[in-house]
Amino acid sequence: MSNNEEVIVTKEGLRQLEEELRHLKSEGRKELAARLKLAISYGDLKENSEYHSAKEDQSFMETRIMTLEKMLTKARVVDESSLNLDAVSVGSLVVLNDLEFAEQIEYRVVSPAEANVSDNKISYESPLGKELLGKKVGDVISVDAPVGIIKYELLQIKL
């Protein structure tokens, strides 16, 4: 994420980011402080693997907190009620037909922060997400994947 790049999120995505930040700043920091206190009580910090592990986790958590804060200051929430069903945009729910296997797949196009393939949420920055943006029902989308080129037909755009 560059310094001036806005982060486009859905209302649900914004809520999730805010909740993660709240959790890390409260419970997350408290849990790590307790881990550090316990590890320090073991003595000799040079060879104390619990201490070093907790310090590393603390560093990762503080970096994540800074990243979330930066994302939230640059967040632009997509008003899903005003989504245009004529073309795919961030927040759209799309129904695709895999042309090779003749199976239908449904994805929601979301921000990279919200992406979760197991929940069928794909990032607008992913290869498929990039190809989908701006497409209309009936368009064929080709995606270069590790297994070769995969072709989908866009069957439906929903909210």
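The values are calculated or read from the model by the stated rules, or taken from the named source; none is laboratory data. A quick note: this is a predicted structure, and the numbers were derived from the prediction, not measured. All Cβ positions, even for glycine, are placed from backbone atoms using ideal geometry, and neighbour counts span all protein chains on display.
Restricting attention to the range 113-159, the residues that are among the hydrophobic types (A, V, I, L, M, F, W, C), in a strand (DSSP E or B) and farther than 14 Å from Val90 by Cα total 8.
Among residues of the range 88-106 that are on the phi > 0 side of the Ramachandran plot, those with a Cβ under 8 angstrom from a residue that is of a type in the set (A, V, I, L, M, F, W, C), sequence gap 6+ or separate chain, pair up as Gly91/Val78; Gly91/Leu83; Gly91/Val109; Gly91/Val110; Gly91/Leu159. For the range 8-49, filtering for residues that are within 13 Å of Ala113 (Cβ to Cβ) and of a type in the set (S, T, N, Q) leaves 2. When Asp57, Asp44, Asp86, Asp144 are checked against the criterion of being at pLDDT 95 or above and farther than 21 Å from Glu5 by Cα, a single residue qualifies: Asp57. Against the condition small (Gly, Ala, Ser) and assigned to a helix (DSSP H, G or I), how does Ser81 come out, does it pass? Taking the combined requirement at face value, the residue satisfies it.
Here is a yes/no grid of residues against (1) touching an Asp or Glu at 6+ places or on another chain (Cβ under 7 Å); (2) surrounded by 15 or more Cβ atoms within 10 Å (Cβ to Cβ); (3) in a loop (DSSP other than H, G, I, E, B); (4) assigned by TED's automatic domain parsing to the domain that holds Gly138:
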site	(1), (2), (3), (4)
Glu20	no, yes, no, no
His23	no, no, no, no
Leu32	yes, yes, no, no
Gly43	no, no, yes, no
Lys55	no, yes, no, no
Gln58	no, yes, no, no
Thr63	no, no, no, no
Thr67	no, no, no, no
Lys70	no, no, no, no
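Could you check how many residues of the range 131-150 are surrounded by 14 or more Cβ atoms within 10 Å (Cβ to Cβ) and basic (Lys, Arg)? The total comes to 1.
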